[in-house]
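S.K.: To start, I am sharing the structure in question, which I have written as structure tokens.
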Amino acid sequence: MTVKTTLSFTDRHHQFLIDKVGQGVYASQSAAVAAALERMIRDEEDRELALGAIAEEIRARLNTPVRDYVSAEDAFAAARARLQADREA
């Protein structure tokens with residue numbers, strides 16, 4: 001279903017729409033706005049998925065027994081060695 005609405009844009013945004021339609025990137029200004037909204041929807045969905053994955057990882061790590069912790073020294077040893085080697089090269 002299509003709904004008609006009225007939108008207001010800054011001169012900059014309006015000129016951008018006109019240019020993109022003129023270049024044939026979008027069939028109309030409405031199509032350009034719809035594409036931008038679809039991108040915002042996808043970005044929001046991706047953000048929610050990422051935040052959910054981060055929260056899940058944090059919960060999993062909170063349940064990690066202390067005996068399974070890795071020291072900061074061990075965790076970053078390879079990176080430190082690589083940095084040192086790069087500095088000496």
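Conditions (1) in contact with a Gly (Cβ under 9 Å, 6 or more places away or on another chain); (2) loosely packed, with under 10 Cβ neighbours inside 10 Å; (3) assigned to a loop (DSSP other than H, G, I, E, B), marked per residue:
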{"position": "Val3", "(1), (2), (3)": "no, yes, yes"}
{"position": "Tyr26", "(1), (2), (3)": "no, no, yes"}
{"position": "Ala31", "(1), (2), (3)": "no, no, no"}
{"position": "Glu48", "(1), (2), (3)": "no, no, no"}
{"position": "Gly52", "(1), (2), (3)": "no, no, no"}
{"position": "Arg67", "(1), (2), (3)": "no, yes, no"}
{"position": "Ala79", "(1), (2), (3)": "no, yes, no"}
{"position": "Ala85", "(1), (2), (3)": "no, yes, no"}
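S.K.: Condition check: at pLDDT below 95, surrounded by 10 or more Cβ atoms within 10 Å (Cβ to Cβ), assigned to a helix (DSSP H, G or I) and of a type in the set (Gly, Ala, Ser). Does Ala75 satisfy that?
M.R.: Here the answer is yes, as Ala75 does meet what is asked.
S.K.: Since Arg39 meets every condition but one in (1) over 30 Å from His14 (Cα atoms); (2) under 20 Å from the mean Cα position of the chain (by Cα), which condition does it not meet?
M.R.: Just one mismatch for Arg39, condition (1).
S.K.: What's the number of the condition Arg12 fails, among (1) at pLDDT 95 or above; (2) in a helix (DSSP H, G or I); (3) surrounded by 10 or more Cβ atoms within 10 Å (Cβ to Cβ)?
M.R.: Answer for Arg12: the failing condition is (3).
S.K.: Filter the range 22-45 for residues that are farther than 15 Å from Leu7 by Cβ and either β-branched (Val, Ile, Thr) or at pLDDT below 95 (or both) and give the result.
M.R.: Val25, Ile41
The values are calculated or read from the model by the stated rules, or taken from the named source; none is laboratory data. All values derive from a computational prediction rather than experimental measurement. Positions of Cβ are generated from backbone atoms using ideal geometry, with glycine treated the same way; all protein chains shown enter the neighbour counts.
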